[in-house]
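The values are calculated or read from the model by the stated rules, or taken from the named source; none is laboratory data. Everything numeric in this text was worked out from a predicted model, so none of it was measured. Note that each Cβ is placed from the backbone with ideal geometry, even for glycine, and that neighbours are counted across all protein chains shown. Note: areas computed on protein heavy atoms with side chains; ligands, DNA, RNA excluded. Shrake-Rupley method; radii C 1.70, N 1.55, O 1.52, S 1.80 Å.
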Amino acid sequence: MKNFFLLSNGKIGQEYNIVSMCKDIDIKTKTRLFELGFFCGEKIHIRATSITGGVLLIEIKGSMLTIRKREAGCVVVE
Amino acid sequence: MILLVGNPNVGKSTLFNALTKSNEHTGNWHGVTVKEKEKQISVDGEKFEFVDLPGLYSLSPNSFEEEVSVNYVLTHDKSLIVNVCSSESLQKNLYLTTELKMLGLNVIVVINKMNNKTIINIKKIEEKLGLKVLLCDANDKKNVQKIKKQIIKLSKINNNNYKYEINKNNIELYNYKKMLQTFETKGNSNIDFFILKSYCQDKFYQNKLKMNNNMIKINDNYLEKEIKERYNYINSILNYSAYHQSGVVGKSKIDKILLNKYLCLPIFLGIMTLIFYLTFFSIGAFLSEQLRYFLQDVVGENVVKFLSERITIVWIVDLVRYGIFGGVGTIVSFLPQVCLMFLFLGVLEDCGYISRLAFCFDDALKKVGLSGKSIYTLLMGFGCSTTACLTARTMTDKNAKIKTAMLAPFMSCSAKLPVYIVIGGAFFGAGNIGIIVLLYLLGIVLSLCLSMFFEKTYLKSSEQTFIIEFPSYQKVSVKRIINLSFHSMLTFLSRVGSVLFALSIIVWILESFSLKFEYIPLVGGKSMLQNLGEIISSIFIPLGFASWGTASALLAGIVAKEVIVSSIAMFNNVSNKSENFLGSVSSSFALSSSAVFLSPASAISFMVFCLLYCPCMATISILNKEIGKKWTFILIIIQFVMAYLCSFVVYNIYRITEKIGILTMIVAVLLIFILVVSLTKFLKKKKVCSCCVNCKKICHK
């Protein structure tokens with residue numbers, strides 16, 4: 001059985017596949033995430049976290065992006 | 001009109017500067033351009049207006065600065081849109097291109113930042129995309145001139161044969177369009193695009209169509225489907241054109257150290273300490289002394305000697321000696337330090353470090369209702385408050401924008417540097433660097449406290465996104481940094497030559513002439529400024545600097561902070577011979593008969609007051625436009641009250657420390673701190689319910 005969880009619970013240095021986006025997310029954030037390539041099947045790599053872990057630095061679609069844990073908590077990965 | 005549009009940090013402003021021979025601010029950071037910049041140029045007798053817009057990922061704006069760009073694209077009459085893309089991240093950049101194409105506008109694509117890691121077939125991209133594509137290196141003058149000719153030529157004919165239309169094949173959207181016909185759709189040439197965006201739940205377009213989500217049922221999954229199809233189309237273009245980019249943009253081994261949880265803050269503090277040291281001491285102080293010597297001892301003395309031999313009117317010679325060379329000359333002598341500060345900030349911007357700082361500080365700034373992007377406002381505030389206020393546009397929430405704009409006037413900008421260097425240097429010598437660092441920190445801490453207060457009360461922010469792309473580290477462009485310093489020098493000198501020159505002369509006249517317009521050095525008596533200063537000065541008695549000179553200098557400083565030091569030098573008749581300028585200033589402060597009479601305690605109090613009391617006129621004007629009259633007025637009142645309270649506290653703590661000794665003071669502060677913490681814990685304990693002591697829970701009765 002596949003293990004689905006939220007990107008905000010991911011570990012540094014690990015690679016994940018995006019499964020879907022949660023429904024309870026404001027539309028502006030959702031649109032921006034889609035525009036930056038957060039689709040189902042896309043690979044995402046967590047490279048670092050900020051001092052208290054509130055922000056993730058991720059690698060997606062050939063570039064490095066910052067994303068808050070709140071936003072990462074809207075992305076379902078496996 | 002030719003618009004330059006594209007993702008953040010692709011080189012739009014660099015290209016704009018090269019095309020129009022301008023010197024607009026550029027940087028290796030997402031959010032440098034926050035305001036449209038326009039310039040008209042003439043080519044073969046024809047006039048063309050180029051407009052550089054803030055960065056956009058798509059035509060769905062997510063912040064105030066993006067709204068500026070989207071409104072420009074949708075409303076202004078333009079002959080051409082130059083969509084600047086970066087070769088490093090073409091896949092993401094082309095998303096915006098597809099949307100611009102859908103509007104049926106005349107669009108060309110300019111691919112910037114070409115390097116040997118990128119392989120691309122331009123003709124195949126053109127063929128698949130259906131738009132003209134040009135390759136460009138915005139830093140190469142010859143290349144830019146060729147591009148310019150092509151842009152001018154392409155602006156005369158529409159190269160785009162496509163315009164988005166909703167047809168019956170797209171059943172969902174077609175039905176939605178039919179339902180919308182009762183709303184405002186007439187006269188809008190891009191109506192199908194607006195309807196598409198509206199169906200994708202974009203409130204910006206729904207507002208334009210004057211409708212909302214509740215009116216008609218929308219398919220929640222349509223947004224993802226639409227964007228995915230767009231990316232499939234982009235991928236097919238890039239595969240067809242054999243596009244290949246090796247490496248990941250923004251990834252670097254240096255980040256393992258710079259972004260390390262335990263090292264990032266010490267590294268940042270170390271960098272800022274080095275910048276302060278080089279600016280205020282070593283290089284900065286040396287260059288400043290040399291310039292002061294040249295202006296006052298070489299040029300000033302000779303000009304005054306020349307005039308004295310030819311003009312018998314004493315006050316004219318004194319105006320030149322004290323008003324112009326003494327006043328304006330004092331301000332100009334700080335030019336090297338101002339330029340150095342801008343130079344170092346430019347290096348931080350150019351190398352790509354600012355994004356990393358934003359990432360590291362987002363956690364802390366989020367707690368006060370801001371975001372990591374506010375770090376840019378803090379850093380820009382060290383240069384100029386006016387520019388820093390504008391960076392608030394990168395915020396996505398209105399309340400966060402107001403709070404961010406309010407940070408800027410609390411920063412120790414370059415105009416306040418002369419006050420710290422002269423007043424602090426006169427009393428504390430080498431120890432002044434510690435005082436200056438504390439003043440910088442005080443400004444930052446107070447601004448963040450204010451932000452926290454507003455976050456808990458009247459300006460609570462909604463949850464903001466913090467999605468920024470890390471740029472790749474790049475070698476600092478020496479040419480750009482020198483250009484930036486030169487440009488800041490010109491801006492400083494033009495300000496000196498206009499506002500500050502006029503203000504220094506006005507201050508000198510008010511200080512040298514009585515109410516009956518008699519020249520004071522000849523007839524004696526009180527000057528106009530002394531009369532006014534004596535009325536105002538009494539309010540500064542609790543702060544320790546209640547002399548007419550300080551009151552008058554602070555009054556003049558409302559217009560421009562640089563004038564504070566020049567006014568003080570003028571009032572105290574500080575020697576023009578600057579063998580030991582700080583020594584002359586220091587001795588003048590010690591004389592109780594001086595217009596500006598200070599002690600070490602009142603000097604610190606005065607510096608704290610100058611840091612906080614009021615934004616300058618230019619900043620007030622920008623704040624008025626960015627956050628409105630109400631919040632600008634509130635900020636001015638808050639700043640004055642904070643300045644007064646902090647100065648009072650600092651003055652009295654210093655005086656008490658002088659009497660009881662620093663060790664005793666530290667012990668006293670620690671004891672007070674322990675007392676406060678214990679009292680707080682005790683009061684919290686008291687809330688435990690007395691009827692169920694054993695459960696040790698907080699009683700809610």
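Quick check: from the Cα gyration tensor, does segment B:241-285 come out rounded (a/c under 1.5), prolate or oblate? Oblate. Its residues counted as N, chain B yields a C-alpha radius of gyration over 2.2 N^0.38 Å of 1.13. Heavy-atom accessible area with a 1.4 Å probe sorts B:V650, B:V110, largest first, into B:V650, B:V110. In this structure B:W315 has an accessible area near 100 Å², from a 1.4 Å probe over the protein heavy atoms.
For the peptides B:551-560, B:402-411, B:630-639, residues were scored by their other Cβ atoms within 10 Å and the scores averaged per peptide; the highest-first order is B:402-411, B:551-560, B:630-639.
With contributions of -39500 (n - 2.57) from each DSSP H run of at least four residues, the per-residue ellipticity at 222 nm computed over the protein assembly as shown stands at -16000 deg cm²/dmol. Surface calculation, 1.4 Å probe, protein heavy atoms: A:I67 sits at approximately 0 Å² accessible. The residues of segment B:49-68 occluded by other protein chains by 40 Å² or more of accessible area, set against the chain on its own, are B:Y57, B:N62; surface from heavy atoms, 1.4 Å probe.
What the phi angles of segment B:652-662 give under the Karplus curve with 6.51, -1.76 and 1.60, with θ = phi - 60°, is a coupling list of 6, 5, 4, 5, 5, 4, 4, 7, 9, x, 6 Hz, glycine and proline written as x. For B:F276, B:F517, the ranking by accessible surface with the largest value first comes to B:F517, B:F276, using a 1.4 Å probe.
Taking the C-alpha atoms only, the angle from helix B:432-456 to the longest principal axis of chain B is near 50 degrees. Rounded to the nearest 20 debye, the dipole magnitude of segment B:445-564 is 320 debye, with +1 charges on Lys and Arg beta carbons, -1 on Asp and Glu beta carbons, and the Cα centre as origin.
Between B:K39 and B:N232, the simple label model (points 7 Å from Cα in the Cβ direction) yields a spacing of 4.4 nm.
With a 1.4 Å probe rolled over the protein heavy atoms of all chains, the accessible area of B:R393, B:R321, B:R356 falls in the order B:R321, B:R393, B:R356, largest first. Derived scalar couplings between HN and Hα for segment A:62-78 equal x, 9, 9, 10, 9, 8, 6, 4, 4, 6, 5, x, 9, 10, 8, 10, 9 Hz in order, rounded to whole Hz, by the Karplus curve 6.51 cos²θ - 1.76 cosθ + 1.60 (θ = phi - 60°), x for Gly and Pro. Taken residue by residue and averaged, Cβ atoms of other chains lying within 10 Å of the Cβ of B:308-315 number 0.
Please state the shape class of segment B:517-578: rounded when a/c is under 1.5, otherwise prolate if a/b exceeds b/c and oblate if not, all from the C-alpha gyration tensor. Each step should come with its number before you reach the end.
Numbers: a/c = 1.72, a/b = 1.15, b/c = 1.49.
Here segment B:517-578 falls in the oblate category.
Over segment B:84-154, the alpha carbon radius of gyration divided by the compact-protein estimate 2.2 N^0.38 Å works out to 1.09. Once the 1.4 Å probe is applied to the protein heavy atoms, the protein assembly as shown comes out at 45 Å² accessible per residue. Leaving ligands and nucleic acids aside, the A/B contact buries around 3700 square angstrom of accessible area in total at a 1.4 Å probe radius. Between helix B:335-351 and chain B, what is the angle of the helix's C-alpha long axis to the longest principal axis, kept within 0 to 90° and rounded to the nearest 10? The helix B:335-351 is inclined about 30 degrees to chain B. When the trypsin sites (Lys or Arg not before Pro) in segment B:468-522 are filtered for DSSP coil states and for at most 15 other beta-carbon atoms within 10 Å of their beta-carbon, the remaining sites are B:K475, B:K516. Compared with the dominant principal axis of the Cα atoms in chain B, helix B:171-180 is inclined by about 60°. Taking the charge dipole of the protein assembly as shown about its Cα centre, with +1 at Lys and Arg Cβ atoms and -1 at Asp and Glu Cβ atoms, the residue from B:N235, B:L450, B:F609 reaching farthest to the positive side is B:N235. Rounded is the label for chain A. Its Cα gyration tensor axes, ordered a ≥ b ≥ c, give a/c under 1.5.
Considering only B:Y440, B:L370, B:C351, the residue lying farthest towards the positive end of the dipole of segment B:334-471 is B:L370, judged by Cα position with unit charges set on Cβ. Tell me the Kirkwood hydrodynamic radius of segment B:243-390 in angstroms, computed as one over the mean inverse distance between distinct C-alpha pairs. In segment B:243-390 this quantity evaluates to 19.0 Å. Residues whose amide H falls under 5 Å from that of B:L80, counting only those 5 or more places apart or on a different chain, are B:L3, with hydrogens built in the peptide plane. Rounded to whole numbers, the Karplus 3J(HN,Hα) couplings from phi for segment B:228-240 are 5, 5, 4, 5, 5, 4, 5, 4, 5, 5, 5, 5, 5 Hz, using 6.51 cos²θ - 1.76 cosθ + 1.60 with θ = phi - 60°, and x at Gly and Pro. Taking every protein chain into account, the 1.4 Å probe leaves A:T52 with about 100 Å² of accessible area, to the nearest ten.
Dipole size in debye (nearest 20) for the protein assembly as shown around its Cα centre, Lys and Arg Cβ +1, Asp and Glu Cβ -1? Mind dumping the intermediate values first?
Details: 87 positive and 55 negative charges, 443 e Å.
That gives a dipole near 2120 debye.
For segment B:292-363 versus segment B:62-138, the inter-centroid distance based on Cα atoms is 43 Å.
Using 1/(1 + (r/R0)^6) with R0 = 51 angstrom and r between the beta carbons of B:N169 and A:D24, what's the FRET efficiency to the nearest 0.05?
Numbers: r = 33 Å, r/R0 = 0.64.
So, using R0 = 51 Å, E works out to roughly 0.95.
Scaled against the 2.2 N^0.38 Å expected of a compact globular protein of N residues, the Cα radius of gyration of segment B:457-506 reads 2.08. Magnitude of the charge dipole for chain B, about its Cα centre and with charges confined to Cβ atoms of Lys, Arg (+1) and Asp, Glu (-1), is about 2060 debye.
At a threshold of 20 Å², the residues of segment B:345-386 that become less accessible to a 1.4 Å probe in the full protein assembly than in their chain on its own are B:F359, B:C360, B:D362, B:D363, B:K366. Express the carbon and sulfur contribution to the solvent-accessible surface of the protein assembly as shown as a percent, rounded to the nearest whole number, probe 1.4 angstrom. In the protein assembly as shown, the share of accessible area belonging to carbon and sulfur is 62 percent. The residues of segment B:448-471 occluded by other protein chains by 40 Å² or more of accessible area, set against the chain on its own, are B:E463, B:T465, B:F466, B:I467, B:F470; surface from heavy atoms, 1.4 Å probe.
When 1/r is averaged over all different Cα pairs and the result inverted, which Kirkwood radius in Å belongs to the protein assembly as shown?
Values: mean 1/r = 0.0341 Å⁻¹.
Every distinct Cα pair counted, the radius reaches 29.4 Å.
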